[in-house]
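Some notes on the structure that comes next.
Coordinate-derived values only; no laboratory data. Since the structure is predicted, the reported quantities are computational estimates derived from the model, not experimental observations. Positions of Cβ are backbone-derived with ideal geometry, glycine not excepted, and every protein chain shown enters the neighbour counts.
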Amino acid sequence: MSANIKVLAISGSLRLKSHNTALLESAKVLSPENMEIEIFSLKDIPLYNEDVEKEGFPESVKIFKDKIAKSDSLLIASPEYNYSFTGVLKNAIDWASRPASDSPLKKKPYAIMGVSGGNSGTIRSQMHFRQVALFNDMAGMNKPEVYVTNGKSKFNEKNELTDEPTILHLRKFLTALYDWTLLNKSR
C-alpha cells in the first residue's frame, strides 16, 4: 500500500478568478489517490516587517508556518509579474523563512507551476522562485515542469481546466511530486 502525503498548495495570486488558483483546484481533483492537497490563501498574510516580527508573529503567519511544517510538501502556482514571481508570494516566503533557525521551509520538498496569458508560460517566474527556494534550503522538484501558456484558452467560463494535454501533463507532474515527496521523506 502506498503512503499518504499532505501537500500544502499556495497560489501566488490573490485575484478571485485567478487561473493559477484554478490550476491548484484542478490539481486537487487530478492528484493521485494518496495525495491530499489543501489550498492556502495568502490574503491574510501582512507585509513583512521586522519590527512586527520582534513583537511576535501575526496569527495568520503562525497558521501559515504551522501548515507548512505539518505538510509533507508544497505545491506552488504563481503568475509572472515583471519577469518574476509575485510580491504576495515573496512576502509569504519572507515570513515563513523567519527566523532562519526555525524555518519550516528548510528541506521542504516543493514543486512550482504556473499559468500565464502569453506564450512563455511562467518560465522566468519559476526560475526566480527557485533562487529564493535554494537560499532557504528547500528541496525543489526539477522535472517535469508545468508552464501553462495562453491561460484563457485552457480554462472554461467556470475557470475549470479543460485542455486535455495540460490535464495529462498535470497528472504526470503530480505523480512526480508524490514520488519526490516520498523520496525526500526517506532521507
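Listed by Cβ neighbour count within 10 Å, with the fewest neighbours leading, Met127, Met138, Met113 appear as Met127, Met138, Met113.
Between Thr149 and Val52, the contour length at 0.36 nm per residue exceeds the alpha carbon distance by 31.0 nm. Measuring nothing but how far apart in sequence close Cα pairs (under 8 Å, 6+ apart) lie, relative to its length, the chain scores a relative contact order of 25 percent.
For the chain, a/c is not less than 1.5, where a ≥ b ≥ c are the root eigenvalues of the C-alpha gyration tensor, and a/b does not top b/c. That puts it in the oblate class.
Rounded, prolate or oblate for region 90-185? Axes are the square roots of the Cα gyration tensor eigenvalues, ordered a ≥ b ≥ c, and the cut-off for rounded is a/c under 1.5.
Taking the square roots of the gyration eigenvalues as a ≥ b ≥ c, region 90-185 is prolate.
Inter-label distance, Phe135 to Lys185: 3.1 nm, where each label sits 7 Å from its Cα along the C-beta direction. Placing a pseudo-label 7 Å from each Cα along the Cα-to-Cβ vector at Tyr83 and Arg124 gives an inter-label distance of 0.5 nm. Only the Cβ atoms of Lys and Arg (+1) and of Asp and Glu (-1) were treated as charged; on that basis the dipole of the chain about its Cα centre amounts to roughly 320 debye. Multiplying the residue separation of Glu157 and Lys28 by 0.36 nm and removing their Cα-Cα distance gives an extension gain of 44.5 nm.
For Lys154, the aspartates and glutamates whose Cα falls under 13 Å of its own Cα, not counting residues fewer than eight places away in the same chain, are Asp163, Glu164.
Cross-link partners for Lys70 among the lysines, with Cα-Cα distance under 25 Å and sequence neighbours closer than 8 places in the same chain left out: Lys6, Lys28, Lys43, Lys54, Lys62, Lys90, Lys106, Lys107, Lys108, Lys143, Lys172, Lys185. Note on region 9-111: with charges restricted to the Cβ of Lys and Arg (+1) and Asp and Glu (-1), its dipole about the Cα centre is near 160 debye. Going by neighbour counts of Cβ atoms within 10 Å, the residues Tyr110, Tyr48, Tyr178 line up, fewest first, as Tyr48, Tyr178, Tyr110.
Residue by residue, region 4-18 carries 3J(HN,Hα) couplings of 8, 10, 10, 10, 9, 9, 10, 9, x, 10, 9, 5, 4, 10, 5 Hz when phi is fed to the Karplus relation 6.51 cos²θ - 1.76 cosθ + 1.60 (θ = phi - 60°); x denotes Gly or Pro.
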